[in-house]
Amino acid sequence: MRSPQHLVLCVDDETIGLDVRRMLLERAGYRVLTALDGPTGLDLFAREPVDAVVLDYSMPGMHGGQVAQRMRQVKPSVPILMLSAYTSLPPEVTQIVTLAMTKGEGAPALLQKLGSILPPRASHL
Amino acid sequence: MNASSFDRILRKVVIVPVAALLAGAALLLWQISQANRTVALIEGCDTRIALTLRIEQLVVDQEAGLRGYEITHDPRLLQQYYVAQKALPAAFDRRASLVANNQRRDQVNSLRDAYETWQQTFASPLIATIDAGGETNDVNLNYDGKLRMDQIRARVAELNSLTESVRDKAVQQWHRQVRSTIVSLLVAAIAIGLIIGFYVRSLIQQVSTAFRQSHDVLRIRAEQTFRSEERLRTTLRSIADGVITCDRDGRVQSINDTAQELTGWSERDARDQPVELVFPIFDESTRQPLENPVARVTRSNQLVRLQNHTILIRRDGTEIYIEDSGSPIRDKHGELVGVVLVFRDVTVAKKSQEALVANEKLAVAGRLAATIAHEIHNPLDSVSNLLFLMDGVANDRERDQFLALAKQEIARVTQISRAMLSLYRESKAPVEIDLKELLDSILLLMESRFTAVGIAVAQTIPARLCIRGFPAELRQVFTNLITNASEAASPRGHITIAAESIPAGFDQLGIRREAGVLVTIDDDGPGIPPDILSHLFQPFYTTKGERGTGLGLWISRGIVTKHGGTIDLASSTGSDGHGTTATIFLPATPTLGTAVS
């Protein structure tokens, strides 16, 4: 029912976590791009026709909130799902992103939330 | 007006009246002497008149004797004549000596001539005639005698009338003098009285003015003193600190409003009470009574401050934390006459401070919990995703891969959990540790890591460097620091580890240091910029990104502090001799404090 053609950009500084997340999303039928830090993610986001972003909050250098803000400036319509290892995020961050969730809630929750923010693709229905 | 001018006025008060009276007396004396001269003049006149009259009397006596003899021819009757004749020359001489001027002398001489003429031309011939038995009834002869006698009388009258006129003048002059004396006396009396009166009045006025001025000055001074005393009293009363003054024996003399409020003693009740009763103080932790500052000040005769953690027990039994000082009150000779205690309620400040410390502890705990959550949520996320993948479509190879990843992530969780646990693990008692052994064992374990990244380790550690402490914790400290050094020096850098035993003394800052061991760990890495260096001992501060917890140095310092030691980092980022030095001092026999707080 979901379009397998959706391109999702994952940004996280945790290598293992990022790899596992990529595998999980690919199994779910998404095409996945990964980046280990904010600047790389922003670069990919600008270049590729990304449909949604799964963004980690806590990263060295540029944190998720700053990355999301830049992305909103480039392509405001692309939904962003913010992941955080912290249970609470600053309100200015939750206001920018489309949806936020805590790491460790489990794969089904991630897939369900990602699905909910993605626009349906008419051409593939 | 001062005392000398007052004395001068007193002298004037005596001298001026005396001088005025003396002047008056001199005037009076002069007047009296003038009058006396006049009196003497009058007396002289009287004497001359009397003498002249006496001469006349003698002449009359002679004539009477002569007439009797002429009539009776009895010589006895001539006796009177001769007596008078004998006395007359002396009388004339005397009278001549008393003349006032030549005219009078001439008159006296002419009287004498008249007498002598009478006596020689009439009396003596008459007596001789009678003695010779001659006739003396001749009218002419007798008449001639009478004429001559009249002449004498006329001369006497003339002389006396002149003298009397002089006497009258003198008497008149005397009267005038008496009048003028009376007038002078009156005038002088009035003048002297007025002079003395006005003069004394002016002096008394001066004295009175001076007195009034002194009185005013005294009154103003008294008012000023009263006001300044009142101001001091008000200031003391309204001062926000408690102030108690005591005499030398430690009895309360005054207690201001704040002190009354803090101690619960009213001024009336507290007065003359021993200060230990009004101001009982105790040590906060031991609950032992503290020596009262009054006693300490009396003993040392200088300002003393209370030690911290002082509790004042109020009259109603409640307790407050106070800060206090006692200072000696000295009189102008520097003698101790009392003690003043100044104290303030620091209960609120103390509670606030405690609350802050507790707050900080909570904040640290909160940050720690957040870190733990973060550190655990990341692997947990991966593990839960891996399990989901394993649960779904996966071949054996993939399953093995997922399983390996999951194990790796679980190991990470375990590592973090252990690291957190080690923070709070405490041995029961310190043991003797040979730092040489400890450092050697750490270096041995890390040897393979050094070889892998090409680190050269040089060490100068003498044998038997013994201190007392908790070995597991110190191992953690040194592992931490050597790991930091090796990471900084990588790749192909150098680490130098040195240790030495140092005697008790003073460090570079002049702070007293007991005997112990100084360990230094040097690396030749790039060095740490000052802005980062200052944060390194803060918890959760890391330069290692996800590889570090940011707790290593913070915990290390906690452990070193617990061992009574110090830990410092110095670093240089210059092109020459860049690198970082960690210096750890551990006392040989520490008084062990509390662990990381």
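The values are calculated or read from the model by the stated rules, or taken from the named source; none is laboratory data. Just so it is clear, the model here is predicted, and its values are computed rather than measured. All Cβ positions, even for glycine, are placed from backbone atoms using ideal geometry, and neighbour counts span all protein chains on display.
Remarks
- Annotation note: of B:Thr129, B:Thr181, B:Thr136, the sole residue that is β-branched (Val, Ile, Thr) and outside any helix (DSSP H, G or I) is B:Thr136.
- Residue match in region B:521-536 (condition: at pLDDT 75 or above and either within 18 Å of B:Arg468 (Cα to Cα) or touching a Lys or Arg at 6+ places or on another chain (Cβ under 8 Å) (or both)): no
- Any hit, region B:69-88, residues being within 20 Å of B:Leu162 (Cα to Cα), in contact (Cβ under 8 Å) with a residue 60 or more places away in the chain, assigned by TED's automatic domain parsing to the domain that holds B:Glu164 and more than 60 Å from the chain's Cα centre (by Cα): no
- For region A:6-17, a residue qualifies if it is within 10 Å of chain B (Cβ to nearest Cβ) and more than 11 Å from the chain's Cα centre (by Cα), and the qualifying residues are A:Asp13, A:Glu14, A:Thr15, A:Ile16, A:Gly17.
- A:Pro76 assigned to a loop (DSSP other than H, G, I, E, B), away from chain B (no Cβ under 14 Å) and without any contact (Cβ under 8 Å) to a residue 12 or more places away in the chain: yes
- If you check B:Ala355, B:Ala349, B:Ala373, B:Ala369 for being at pLDDT below 85, surrounded by 15 or more Cβ atoms within 10 Å (Cβ to Cβ) and in a helix (DSSP H, G or I), only one passes: B:Ala373.
- From B:Leu111, B:Leu162, B:Leu126, residue being surrounded by fewer than 19 Cβ atoms within 10 Å (Cβ to Cβ) and more than 60 Å from the chain's Cα centre (by Cα): B:Leu162
Each row is one residue, and each column tells you yes or no for (1) at pLDDT below 85; (2) more than 14 Å from every other protein chain (Cβ to nearest Cβ); (3) surrounded by fewer than 17 Cβ atoms within 10 Å (Cβ to Cβ).
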| site | (1), (2), (3) |
| --- | --- |
| B:His333 | no, yes, yes |
| B:Asn359 | yes, yes, yes |
| B:Leu362 | yes, yes, yes |
| B:Ser382 | no, no, no |
| B:Leu389 | no, no, no |
| B:Asn395 | yes, no, yes |
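- Inside region B:94-122, residues that are of a type in the set (D, E, K, R), without any contact (Cβ under 8 Å) to a residue 24 or more places away in the chain and within 15 Å of B:Val59 (Cβ to Cβ) make up a count of 3.
- Residue check, B:Ile195 part of a helix (DSSP H, G or I), loosely packed, with under 12 Cβ neighbours inside 10 Å, aliphatic (A, V, I, L, M) and on the phi < 0 side of the Ramachandran plot: no
- Filter result (surrounded by 15 or more Cβ atoms within 10 Å (Cβ to Cβ) and in a helix (DSSP H, G or I)) within region B:438-475: B:Leu438, B:Leu439, B:Ile442, B:Leu443, B:Met446, B:Phe450, B:Pro471, B:Glu473, B:Leu474, B:Arg475
- Annotation: of all residues in region A:25-46 being in contact (Cβ under 8 Å) with a residue 12 or more places away in the chain and of a type in the set (D, E, K, R), the one that is nearest to A:Gly65 (Cα to Cα) is A:Asp37.
- The set of residues in region B:117-175 being of a type in the set (D, E, K, R) and either modelled with pLDDT under 85 or over 20 Å from B:Val99 (Cβ atoms) (or both) consists of B:Asp131, B:Glu135, B:Asp138, B:Asp144, B:Lys146, B:Arg148, B:Asp150.
- B:Pro491 fulfils the conditions (1) of a type outside the set (Lys, Arg); (2) over 27 Å from B:Glu432 (Cα atoms); (3) without any contact (Cβ under 8 Å) to a residue 60 or more places away in the chain; (4) surrounded by 15 or more Cβ atoms within 10 Å (Cβ to Cβ) except for a single criterion, (4).
- When B:Asp93, B:Asp113, B:Asp106, B:Asp61 are screened for being in the same structural domain as B:Leu159 (by TED's automatic domain parsing), under 27 Å from B:Val139 (Cβ atoms), assigned to a helix (DSSP H, G or I) and out of contact with any Phe, Trp or Tyr (no Cβ under 9 Å at 6 or more places or on another chain), only B:Asp113 passes.
- Taken over region A:18-32, the criterion of being more than 10 Å from chain B (Cβ to nearest Cβ) and β-branched (Val, Ile, Thr) is satisfied by A:Val32 alone.
- Qualifying residue in region B:316-325 (condition: in contact with a Pro (Cβ under 9 Å, 6 or more places away or on another chain), more than 16 Å from B:Arg248 (Cβ to Cβ) and either modelled with pLDDT of 85 or more or not in a loop (DSSP other than H, G, I, E, B) (or both)): yes
- The listed residue being in contact with a Leu (Cβ under 9 Å, 6 or more places away or on another chain) and modelled with pLDDT under 90, out of A:Ser84, A:Ser3: A:Ser3
- Those residues of region A:80-113 which are within 14 Å of chain B (Cβ to nearest Cβ) and in a helix (DSSP H, G or I), in sequence order: A:Ala107, A:Pro108, A:Ala109, A:Leu110, A:Leu111, A:Gln112, A:Lys113
- Any hit, region B:478-491, residues being at pLDDT 85 or above, assigned by TED's automatic domain parsing to the domain that holds B:Gly565 and in a strand (DSSP E or B): no
- Any hit, region A:40-55, residues being at pLDDT below 90, within 14 Å of another protein chain (Cβ to nearest Cβ) and buried (at least 19 other Cβ atoms within 10 Å of the Cβ): no
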